[in-house]
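Visitor: Structure in structure tokens, see below.
The values are calculated or read from the model by the stated rules, or taken from the named source; none is laboratory data. Everything numeric in this text was worked out from a predicted model, so none of it was measured. Cβ sites come from the backbone with ideal geometry, for glycine too, and all protein chains shown count toward neighbours. Ligands, DNA and RNA are stripped out before the accessible areas are found, and what is left, the full protein with its side chains, is counted by its heavy atoms. Shrake-Rupley method; radii C 1.70, N 1.55, O 1.52, S 1.80 Å.
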Amino acid sequence: MFYASPELMSHVKSFGWKQAMRTVYLLLGSLLMLAAGCRTLQTNPADHPEVVAVAGSEVIDLATFEDQYARSVGNRLEAADDSLQAYQDFLERYVNYRLRVQEARARGYDRDSAIVAEASAYRLELARNQLMRQEVIEPLLRTLYARMPDMVDISHIFVRVPTDATPEDTLAAYRRLQALIDSIRQGADFNEIAFRHSDDPSARSPRTTRGGWGHIGWIKMGQTIEPMETYAFNTPVGELSPIFRTRYGYHVLKVHDRKPAPYDVRAAHIMITPAPTPEDSARVRRTLDSLRQLVLSGKADFAELARQHSEDWRTKSQGGDLGYLSFAQPMPVMVRDTLFALKEIGAVSHIVTTPFGLHIFQLKDRRPIPPTFEAAYDTLLTVADRLGRLQEARHRFVAQLRRQLSVRLDTARLFTLLQVATHPDTLALRVSRRELGALDLSQPFASVEDATYTLAELIDYINQQNLLRRTSRRDTIAQERLLRAADRFLDDRVLSYEALRRAEQDLEFQRTMQDFVDGLLAFKLLEEAVWKVAERDTAGLRAYYEAHAAEFVFPERTRVLSFRTQRDSVLEQRIYEPLQQGVPVARLIAELTADSSAGITVDTVYIEKPTGSFYDRALRLEAGRYTEPFRYWNGHVLLYNDGLEPPRPKTFREARADVLSAYQKELEARLDQELRARYGARIFPERLRQAFAAERRTLANAGQ
């Protein structure tokens with residue numbers, strides 16, 4: 001056997017032994033960094049106190065063992081807190097693993113076409129993921145993280161540029177905005193200029209509303225489009241940003257202020273909307289004030305009062321919960337000032353008036369900014385993905401690569417695909433069905449540096465991504481669709497080319513790939529030498545069952561009868577009411593068996609202990625008792641506790657899955673013994689006493 005972390009063992013239990021074992025072996029190399037720690041045996045290992053084991057032709061030293069063990073348990077400090085016995089057990093399993101890899105290579109599995117193909121696919125996936133992480137994801141997320149602590153107060157002037165604008169119209173829009181900026185620099189008020197000239201409709205709103213007179217207000221990271229956020233955070237307070245363009249047109253910002261952002265707050269509210277009369281408004285105020293006093297005195301729970309009294313139908317059932325709110329997100333100023341003025345968790349506000357009604361708020365929680373980039377990583381990734389910035393950053397990076405690399409496209413050869421069909425929709429259909437006639441798809445049509453790509457590869461990519469579909473009403477030119485598809489294809493190949501080029505120069509990447517291949521080989525050996533052998537060896541399985549029959553026993557179990565039907569009325573009339581009248585359950589089952597039109601399914605389930613399913617309802621009943629009919633999915637169920645089933649031995653058929661698993665483990669142990677005898681294995685467990693010595697001293701000092 002091998003060492004596996006609790007996470008991996010959970011995977012084994014969830015997905016079954018054979019399938020999960022394969023996954024484990026694919027992951028094992030990454031956990032252990034196998035190749036880094038195996039050296040060819042050149043001298044007697046007994047002469048080297050740092051050598052802890054010899055596995056065939058490989059030598060495992062103490063430093064390698066420490067690295068492998070620490071990775072398997074989490075980190076070096078956690079590893080240092082384990083016992084010598086745990087170290088020895090791990091080393092035994094690790095030696096077995098290395099011998100399995102050597103045997104797999106000796107059998108030629110490293111040349112198996114399926115393994116070679118899977119390793120190649122994994123290499124490309126790993127290289128691309130690493131490149132994206134290093135060049136796109138992490139730089140983007142670090143920029144977002146740097147902005148998390150602050151917020152900025154901004155105003156905005158916008159000049160629209162239509163998507164189909166001519167160069168002359170585009171230049172005119174730019175000059176128009178430049179003229180407005182010149183007026184501001186000469187003393188005109190930014191917000192008054194925005195009110196009079198901005199193409200943003202909200203600029204004509206009152207000053208008190210967000211966007212009114214061009215004043216957007218406070219923004220935090222992730223609350224606006226990327227170019228606007230970048231200029232907002234990069235422009236000094238009191239200054240104007242440079243003119244910048246988005247897909248909407250030209251923009252300029254003024255940054256009024258910048259300050260640390262308060263923590264996000266989680267709040268709940270009770271809202272009541274009074275009738276438009278002074279009397280009703282006074283009544284609602286008295287009601288809310290009495291509810292507030294009940295909460296403050298500890299006589300009532302805010303959430304329960306919200307469920308009873310709030311008129312906000314969106315939050316009422318959740319106890320008025322509004323979720324987490326940011327200081328910079330749009331909300332009435334009175335609400336924002338009230339929420340962020342509450343000091344203590346559980347504090348209740350005074351009554352606040354909004355256009356929706358009268359409210360009282362309770363502070364439920366505060367969410368501080370994560371203290372490290374690593375702690376914020378998942379949140380930042382979610383924000384970047386939700387805003388589309390990951391995709392935008394990827395496009396910019398690929399465009400940069402295309403400028404750096406030699407990328408060629410032979411449009412004449414690409415357009416030979418039009419021999420299939422000239423109408424774009426017909427072309428898309430025939431390409432998807434691969435109805436390509438006698439067209440020669442083996443000809444290269446594009447290249448990236450020294451790598452060339454054929455029309456056959458393009459067709460495969462088009463069909464995988466459905467790239468010839470119509471994207472707009474005016475998308476009726478086949479050549480344009482082909483060019484768009486070829487462009488997407490080349491973007492993908494440029495990314496792959498650069499990823500693999502960098503991977504070839506990365507020693508850590510090469511070690512990871514070697515680990516992955518070793519995992520594939522070890523899995524392949526077990527599949528061929530253990531799992532398939534066990535599955536085919538019916539005589540061996542039966543012999544194992546007969547030799548260990550006492551191990552395959554059903555424990556005491558509760559026998560549960562399940563009656564199911566689509567209509568609860570049928571269940572009531574045919575099962576529930578007769579049981580209440582004392583009709584024996586056996587008679588009811590016999591009647592159902594004889595009447596195929598009843599539409600009631602009867603199943604018998606044996607339950608040893610609570611399962612977390614609806615069957616647990618029957619476990620709480622005495623023998624002979626039953627539940628009321630209840631709804632489950634799209635039908636109705638009644639459960640009957642039919643008493644206890646005493647323990648009994650499993651038949652071979654009933655035990656076969658358990659027998660197979662146990663027999664496979666026995667064959668696996670035999671295989672390890674054979675490999676140790678064939679290749680030789682020596683282990684020096686006493687040398688493991690020096691493992692993690694520095695970390696153990698650190699733990700000892702911390703405990704003093």
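Visitor: Against the condition open to solvent by less than 10 Å² (accessible area, probe 1.4 Å), among the small types (Gly, Ala, Ser) and touching a Lys or Arg at 6+ places or on another chain (Cβ under 7 Å), how does Ala534 come out, does it pass?
Guide: On the way: open to solvent by less than 10 Å² (accessible area, probe 1.4 Å): yes; among the small types (Gly, Ala, Ser): yes; touching a Lys or Arg at 6+ places or on another chain (Cβ under 7 Å): no.
No; evaluated as a whole, the condition is false for this residue.
Visitor: On to the next question. For region 287-296, what are the residues that are free of Cβ contacts under 8 Å to residues at least 24 places away in the same chain and either open to solvent by 70 Å² or more (accessible area, probe 1.4 Å) or touching a Pro at 6+ places or on another chain (Cβ under 9 Å) (or both)? Can you show your working first?
Guide: Initial filter on region 287-296 (free of Cβ contacts under 8 Å to residues at least 24 places away in the same chain): 287, 290, 293-294.
Across region 287-296, the qualifying residue is only Gln293.
Visitor: Also, I was wondering about something else. Return a yes/no flag: does region 207-214 have any residue that is in a loop (DSSP other than H, G, I, E, B) and open to solvent by less than 40 Å² (accessible area, probe 1.4 Å). Write out each step before concluding.
Guide: Let us first name the residues in region 207-214 that are in a loop (DSSP other than H, G, I, E, B), namely 207-211.
Add one more test, that the residue is open to solvent by less than 40 Å² (accessible area, probe 1.4 Å), and what stays is 211.
Within region 207-214, one or more residues are in a loop (DSSP other than H, G, I, E, B) and open to solvent by less than 40 Å² (accessible area, probe 1.4 Å).
Visitor: So, Arg266, is that one open to solvent by 70 Å² or more (accessible area, probe 1.4 Å), part of a helix (DSSP H, G or I) and in contact (Cβ under 8 Å) with a residue 40 or more places away in the chain or not? Before the answer, list the steps.
Guide: Working: open to solvent by 70 Å² or more (accessible area, probe 1.4 Å): yes; part of a helix (DSSP H, G or I): no; in contact (Cβ under 8 Å) with a residue 40 or more places away in the chain: yes.
No: the conditions fail for Arg266.
Visitor: When you go through Val585, Val560 one by one, which is the residue that is within 14 Å of Asn641 (Cβ to Cβ) and over 44 Å from the mean Cα position of the chain (by Cα)?
Guide: Numbers: Val560 fails: over 44 Å from the mean Cα position of the chain (by Cα).
The unique qualifying residue is Val585.
Visitor: So, one more: Pick out the one residue from Glu527, Glu577 that is more than 34 Å from the chain's Cα centre (by Cα) and either buried (at least 16 other Cβ atoms within 10 Å of the Cβ) or at pLDDT 95 or above (or both). Before the answer, list the steps.
Guide: Numbers: Glu527 fails: more than 34 Å from the chain's Cα centre (by Cα).
Exactly one residue qualifies, and that residue is Glu577.
Visitor: Pairs please, first residue from region 196-214 and closer than 18 Å to Thr224 by Cα, second anywhere and crowded, with 16+ Cβ neighbours inside 10 Å and among the basic types (Lys, Arg), Cβ atoms under 6 Å, 6+ apart in sequence or on different chains.
Guide: Within 6 Å, no pair qualifies.
Visitor: Which members of region 248-258 meet the condition of being under 24 Å from Leu325 (Cβ atoms) and open to solvent by less than 80 Å² (accessible area, probe 1.4 Å)?
Guide: Initial filter on region 248-258 (under 24 Å from Leu325 (Cβ atoms)): 255-258.
If the condition is that a residue be under 24 Å from Leu325 (Cβ atoms) and open to solvent by less than 80 Å² (accessible area, probe 1.4 Å), then Val255, His256, Asp257 are the ones that fit.
Visitor: Right, Arg559: open to solvent by 30 Å² or more (accessible area, probe 1.4 Å), modelled with pLDDT of 95 or more and not in a helix (DSSP H, G or I) or not? Spell out the reasoning first.
Guide: On the way: open to solvent by 30 Å² or more (accessible area, probe 1.4 Å): yes; modelled with pLDDT of 95 or more: yes; not in a helix (DSSP H, G or I): yes.
The answer is yes for Arg559.
Visitor: Could you please find all residues in region 632-673 being within 30 Å of Gln566 (Cα to Cα) and aliphatic (A, V, I, L, M)? So that I can check it myself, show each step before the final result.
Guide: Just the residues of region 632-673 that are within 30 Å of Gln566 (Cα to Cα), to begin with: 632-645.
Correct list: Val637, Leu638, Leu639, Leu644.
Visitor: Here is a follow-up. Listed residues Ile243, Ile272; which is touching a residue at least 12 places away in the same chain (Cβ under 8 Å) and over 19 Å from Ile181 (Cα atoms)? Working first, answer last.
Guide: Values: Ile243 fails: over 19 Å from Ile181 (Cα atoms).
Testing whether each residue is touching a residue at least 12 places away in the same chain (Cβ under 8 Å) and over 19 Å from Ile181 (Cα atoms) leaves just Ile272.
Visitor: Something else about it: Give me a count of the residues in region 149-197 that are part of a strand (DSSP E or B) and open to solvent by 10 Å² or more (accessible area, probe 1.4 Å).
Guide: Within region 149-197, the first condition is being part of a strand (DSSP E or B), and the residues that meet it are 150-160.
If we keep only those that are open to solvent by 10 Å² or more (accessible area, probe 1.4 Å) as well, we get 150, 153, 156, 158, 160.
Of the residues in region 149-197, 5 are part of a strand (DSSP E or B) and open to solvent by 10 Å² or more (accessible area, probe 1.4 Å).
Visitor: A further question on this structure: Looking at the structure I just gave you, is Ala146 within 30 Å of Phe373 (Cα to Cα) and open to solvent by 60 Å² or more (accessible area, probe 1.4 Å)? Can you show your working first?
Guide: Numbers: within 30 Å of Phe373 (Cα to Cα): yes; open to solvent by 60 Å² or more (accessible area, probe 1.4 Å): yes.
Yes, satisfied.
Visitor: Open to solvent by less than 20 Å² (accessible area, probe 1.4 Å), in contact with a Ser or Thr (Cβ under 9 Å, 6 or more places away or on another chain) and over 19 Å from Trp218 (Cβ atoms), is that true of Val284? Spell out the reasoning first.
Guide: On the way: open to solvent by less than 20 Å² (accessible area, probe 1.4 Å): yes; in contact with a Ser or Thr (Cβ under 9 Å, 6 or more places away or on another chain): yes; over 19 Å from Trp218 (Cβ atoms): yes.
So Val284 passes the test.
Visitor: Across region 311-336, what is the total count of residues that are crowded, with 17+ Cβ neighbours inside 10 Å and either touching an Asp or Glu at 6+ places or on another chain (Cβ under 6 Å) or among the hydroxyl-bearing types (Ser, Thr, Tyr) (or both)?
Guide: 2
Visitor: If you don't mind, there's one more thing I want to ask. Tell me the residue from Thr593, Thr604, Thr611 that is farther than 29 Å from Ala547 by Cα and part of a strand (DSSP E or B), please. Full working, then the answer.
Guide: Values: Thr593 fails: part of a strand (DSSP E or B); Thr611 fails: part of a strand (DSSP E or B).
Answer to the selection: Thr604.
Visitor: Then there is this: Test of understanding: among Tyr606, Tyr632, Tyr626, which residue is farther than 27 Å from Thr651 by Cα, of a type in the set (Phe, Trp, Tyr) and open to solvent by 50 Å² or more (accessible area, probe 1.4 Å)?
Guide: Numbers: Tyr606 fails: farther than 27 Å from Thr651 by Cα; Tyr626 fails: open to solvent by 50 Å² or more (accessible area, probe 1.4 Å).
Result of the check over Tyr606, Tyr632, Tyr626: Tyr632.
Visitor: Go through (1) within 35 Å of the chain's Cα centre (by Cα); (2) over 30 Å from Lys299 (Cβ atoms); (3) at pLDDT 95 or above one by one and return the number of the condition Arg408 breaks.
Guide: (1)
Visitor: Using beta carbons and a limit of 6 Å, which pairs, at least six apart or on different chains, have the first residue in region 328-343 and farther than 14 Å from Ile216 by Cβ and free of Cβ contacts under 8 Å to residues at least 24 places away in the same chain and the second one β-branched (Val, Ile, Thr) and not in a loop (DSSP other than H, G, I, E, B)?
Guide: So the pair list comes out as Pro332/Thr354; Met334/Val352; Thr338/Val352.
Visitor: Would you be able to tell me the number of residues in region 639-665 that are open to solvent by 60 Å² or more (accessible area, probe 1.4 Å) and either touching an Asp or Glu at 6+ places or on another chain (Cβ under 9 Å) or not in a loop (DSSP other than H, G, I, E, B) (or both)?
Guide: Start the filter on region 639-665 by keeping residues that are open to solvent by 60 Å² or more (accessible area, probe 1.4 Å), which leaves 644, 646-649, 651, 653-654, 656-658, 665.
Now drop any that are not either touching an Asp or Glu at 6+ places or on another chain (Cβ under 9 Å) or not in a loop (DSSP other than H, G, I, E, B) (or both), which leaves 644, 646-649, 653-654, 656-658, 665.
Result for region 639-665: 11.
Visitor: Would you pick out the residues in region 656-704 that are of a type in the set (Phe, Trp, Tyr) and under 21 Å from Gln85 (Cβ atoms)? Before you say what the answer is, go through the steps one by one.
Guide: From region 656-704, those of a type in the set (Phe, Trp, Tyr) are 663, 679, 684, 692; that's our starting set.
Correct list: Phe684, Phe692.
Visitor: Additional query: Identify, by number, the condition in (1) part of a helix (DSSP H, G or I); (2) open to solvent by less than 80 Å² (accessible area, probe 1.4 Å) that Arg564 doesn't meet.
Guide: (1)
Visitor: Report, ordered by the first and then the second residue, all pairs with beta carbons closer than 6 Å, sequence separation of six or more or different chains, a first member in region 108-129 that is among the aliphatic types (A, V, I, L, M), and a second member that is in a helix (DSSP H, G or I) and open to solvent by 40 Å² or more (accessible area, probe 1.4 Å).
Guide: Listed by first residue and then by second, the contacts come to Ala127/Leu500.
Visitor: Looking at region 355-370, which of the residues that are within 38 Å of the chain's Cα centre (by Cα) and not in a strand (DSSP E or B) is nearest to Ser310 (Cα to Cα)?
Guide: If we filter region 355-370 for residues that are within 38 Å of the chain's Cα centre (by Cα), which is where we start, we get 356, 359-370.
Restricting the remaining residues to those that are not in a strand (DSSP E or B) gives 356, 368-370.
On the way: Phe356: 12, Pro368: 29, Ile369: 31, Pro370: 34 Å.
Only one residue fits best here, namely Phe356.
Visitor: Okay, next question. Restricting attention to region 337-354, and to residues there that are under 13 Å from His269 (Cβ atoms) and outside any loop (DSSP other than H, G, I, E, B), which single residue is most open to solvent (accessible area, probe 1.4 Å)?
Guide: Thr353
Visitor: Yes or no: Val73 among the β-branched types (Val, Ile, Thr) and at pLDDT 95 or above? Break it down stepwise before answering.
Guide: On the way: among the β-branched types (Val, Ile, Thr): yes; at pLDDT 95 or above: no.
So Val73 fails the test.
Visitor: Among the residues of region 574-598, what is the count of those that are closer than 19 Å to Arg559 by Cα and among the charged types (D, E, K, R)?
Guide: 1
Visitor: Separate question: Could you say which residue among Thr611, Thr601 is among the β-branched types (Val, Ile, Thr) and under 26 Å from Val553 (Cβ atoms)? Full working, then the answer.
Guide: Values: Thr601 fails: under 26 Å from Val553 (Cβ atoms).
Answer to the selection: Thr611.
Visitor: Which of (1) within 30 Å of Met151 (Cα to Cα); (2) surrounded by 18 or more Cβ atoms within 10 Å (Cβ to Cβ) is the odd one out, the single condition Ala306 does not satisfy?
Guide: (1)
Visitor: Within region 673-704, track down each residue that is among the aliphatic types (A, V, I, L, M), under 42 Å from the mean Cα position of the chain (by Cα) and in a helix (DSSP H, G or I).
Guide: In the first step, residues of region 673-704 are kept if they are among the aliphatic types (A, V, I, L, M); the result is 675, 677, 681, 683, 688, 691, 693-694, 699-700, 702.
Adding the requirement that they be under 42 Å from the mean Cα position of the chain (by Cα) leaves 675, 681, 683, 688, 691, 693-694, 699-700, 702.
Across region 673-704, the qualifying residues are Leu675, Leu688, Ala693, Ala694, Leu699, Ala700, Ala702.
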